[in-house]
Amino acid sequence: MKPDFDIPIETNVRRDVDRLAADELQLHYLLVDASGRQTVTKGRLLALPMIDLNQYRCRAVFDWIEFKVTLGRELYAVHVGNSLNGAINEPKLGKAYVYGPNLERHHSGNTFRIRMFDPSSRRMNAALQHLRWKYGSRTASLRLGHKITGVEISIDFYPIPTHAETDDGMLLLRAQASELLRKHFRLDPSFRTRGDFDHFDEMPRYRDDVGTKKMVSAPPGLIPENLKEFPKALLGADRVKMHRKPPLDSTVYVGAKTVKSVQRPILFRLQDKVADQRGVGDDNFIALELRDRRSRIEICLLDVPDYDTMKDFGIQTMDDLTNKDWGKLRKKFFNFQFPTLAMEDDGTANGDELEIFKRTGVIGLDLHHRSVIEKTRANWDRQNGHRPRKMRENGHCRAFSELNQKITRAMEKLGASL
C-alpha cells in the first residue's frame, strides 16, 4: 500500500543507519478519516504509521534504584561508596553512587541516598545487609531500614532478527522505532495539572554534539501585553517555523533535573541507543553489538525537597518495588497517541499541522492546537460572538492502543525482573 506521507529519519552526526539509502530511511504513514463518536476528531484525518510492532521485542527494566538510609555514625559519602562497591562489586554490572540527603556531592553526615545501577533484589539486599553490618546496629533487623527515593525505568524496543532478516534490516527497524516513539509520545495530562512541567525549561528539547535546542521555541521580540501571562511553551507553538525536528543521533528530553537550581521530580528521555554509558558522569561509552542496539524511552522519578514523588506512586520500600502492579502505571508514564490533522476542502491534510507533526510529533501538534485556541481566547472580544472553549486535556489525539498494550505487557513483568 502506498503511503500518504513520509517522515525522513535524519542524523546530524554520522551513524550506523547512514549506510541506508535516504529514500529507505523513512517512517511511512497512511491518512484515514478520523470521524467517529468523538466530536473533537470529526472532520479530521487520523495519521497511522505503517509499522508492524510484532517485529519488535519490548522489555521494561530498572536502570537504577535509589534508596535513603540513616547509618549509625557520621561518615563521608566517598568512604561509604568505596566500602559498598567493594562488597557488591560485579565486573559486568553498574556501581552504587552515594550522595547526601538532597543529592549533595562530597557529603558528610549519617543520612545518605544511594543510587544503584543494574539493580536486583539480590544486590539491593546485599547492599543493605553490608551497610547494617558495617555502619549500623548488628543486632538490628536483617535489612537496614530504608526508603526508596527514586527509580529510572526504561522501555526498550529491540528488532527481532528473524523479522529483520539482514543487518540493514535491523538498522532500519530500529531507526523507525526510535522515530515512532518520538513522534507519538505524549505527556500525561495529570503531570501538567499537578504543576510539573509548567516551566519552559521542562518542555521538549533535544541535545546532541552541538548543544541543547528547544523543540518548540518562543518567538523573538517583545511579548504583546495581552499575552504577558501566556505560557511560554504556547507562545510560538502556533507557528511552523518555531518547531524544530530532533535528529536521530540526539537525545530528546521532557522535564528537567533542575529548574533555576530547584530539583524537579520527573524527567523523560527518548534515545536511539547504540552505545552504553556505565554509571554517573562516566564518559566511557561502549558501542553495543547490533543485536543489543535499541529504541528507548525512560522515565526518572525522584524525591525532591517538598515533594515525595515515590510515596505519591505508592512506593516506599524494596518490597513495594517487587510487589507493585507496574502495568497499571503505564498510562501515567508512557502514553502514546495517534495525531489527527485538520482536513482541507479537497480532503487533504492541513499543511501546517502535517509539517508540525513531522517536526515535533504529537507533543508539538498538541501544543500547536492549544496555542491557536488560547491566543484566540486572549484576543477575543464580545463583538466576535461566542468565546472559544478551552481545549480538553486529550485534545485531538487518539490512543495508540497497540503500542500502549505492548508496553503494558512489558511493565507487568517489571517487579518480577528484580
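Here, each number is a calculation from the coordinates, and none is a lab measurement. Fair warning: this is a prediction, and the values are worked out from it, not measured in the lab. Here the Cβ is made from the backbone with ideal geometry for all residues, glycine too, and neighbour counts use every protein chain on show.
List of remarks:
- Förster radius 60 Å - calculated FRET efficiency between residue 392 and residue 82 (Cβ-Cβ, nearest 0.05): 0.65
- Between the beta carbons of residue 348 and residue 241, assuming R0 = 22 Å, the FRET efficiency works out to 0.55 to the nearest 0.05.
- Nearest 10 degrees, 0 to 90: helix 401-411 Cα axis against the chain principal axis: 0
- Residue 355 versus residue 378: modelled label distance in nm, points set 7 Å from Cα along the beta carbon direction: 2.2
- Most mobile listed residue (47, 22, 349) in the chain, GNM with C-alpha springs under 10 Å: 22
- On Cα atoms only, tilt of 167-184 relative to the major axis of the chain in degrees: 80
- Highest-fluctuation residue, 400, 313, 112 considered, GNM on the chain with Cα pairs under 10 Å: 313
- Length-normalised contact order of the range 1-114 in % [C-alpha pairs under 8 Å, at least 6 apart]: 19
- Dividing the summed helix terms, -39500 (n - 2.57) for each DSSP H run of n ≥ 4, by the number of residues in the chain produces a 222 nm estimate of -8000 deg cm²/dmol to the nearest 500.
- Applying both filters, DSSP loop and at most 14 other Cβ atoms within 10 Å, to the GluC sites (Glu not before Pro) of the range 312-418 gives 344, 393.
- Between the listed residues 98, 371, 335, the Cα displaced farthest toward the positive end of the dipole of the chain, a dipole computed from Cβ unit charges relative to the Cα centre, is found at 98.
- Under the criterion of Cα pairs below 8 Å and six or more residues apart, the relative contact order for the chain equals 20 percent.
- Near-label residues of the range 52-94 by backbone N, under 17 Å of a point 7 Å along Cα→Cβ of residue 276: 59-65, 89-94
- Dipole magnitude (debye, nearest 20) for the range 203-282, charges at Cβ of Lys, Arg, Asp, Glu: 140
- Choice from 205, 19, 398 showing the highest fluctuation, given a GNM over the chain with Cα pairs closer than 10 Å: 19
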